[in-house]
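K.L.:
Can you read through this structure? Questions will come right after.
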Amino acid sequence: MAFIEWNDTLNTNITEIDEQHRQIVALINALSEAVRNRAAESDMKALFETIAKDTKAHFETEERLFRMHSYPERSAHAELHRQLETQVESLSSKIRTGAMPVNDSVLLFLRDWFITHIEGSDRLFGFWIQSRK
Ligand SMILES: [Fe+2]
Ligand SMILES: [Fe+2]
């Protein structure tokens, strides 16, 4: 069983967003496999950096769509993105310097954040878009 199983409650029904979410979920699942298989630390660091980079790019995509559609909740939603970026940057520097290993707590943090954020915030944007069609 995958660390994060995709299910319908994760769909926003906005193709571009759902594709990026699936890609990030696949990367988190790959990181989980790497931790489970005790992969080389350098491989896990590289995977973590890819997740951080893709997440940042994904937030840019969402915020571009918010602006394009004049989404009323855009500042509050973008603020949640900034908070996660700050947390990921702090984790990233600890991981890079070896002060913190890539371990289960990193994985649980990523999984909880993404699931809570997709279900609690990204889907609201999806529903809002649908309601305007
Ligand atoms: Fe998202
Ligand atoms: Fe978001």
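K.L.:
Residues of the chain: accessible area per residue at 1.4 Å, in Å²? List each step's numbers first, then the result.
P.N.:
Numbers: 7390 Å² over 133 residues.
With all protein chains present, the chain gives 56 Å² per residue.
K.L.:
Describe numerically, in nm with one decimal, the distance between label points set 7 Å from Cα along Cα→Cβ at Glu60 and at Ser121.
P.N.:
Computed distance between label sites Glu60 and Ser121 equals 1.8 nm.
K.L.:
For region 10-131, evaluate the Debye formula with one uniform point scatterer on each Cα (no solvent term) and list log10 I(q)/I(0) at q = 0.16, 0.23 Å⁻¹, rounded to two decimals.
P.N.:
Results for region 10-131 at q = 0.16, 0.23 Å⁻¹ read -0.76, -1.37.
K.L.:
Which percent of the accessible area of region 10-131 is formed by carbon and sulfur heavy atoms (probe 1.4 angstrom)?
P.N.:
Details: 3350 of 6400 Å².
Carbon and sulfur: 52 percent of the exposed surface of region 10-131.
The values are calculated or read from the model by the stated rules, or taken from the named source; none is laboratory data. Since this is a predicted model, take the numbers as computed values, not measurements. Quick reminder, even Gly has a Cβ in these numbers, built from the backbone with ideal geometry, and neighbours come from all protein chains shown. The protein model used for the area step is the full one, side chains on, heavy atoms only, and it has no ligands, DNA or RNA in it. Shrake-Rupley method; radii C 1.70, N 1.55, O 1.52, S 1.80 Å.
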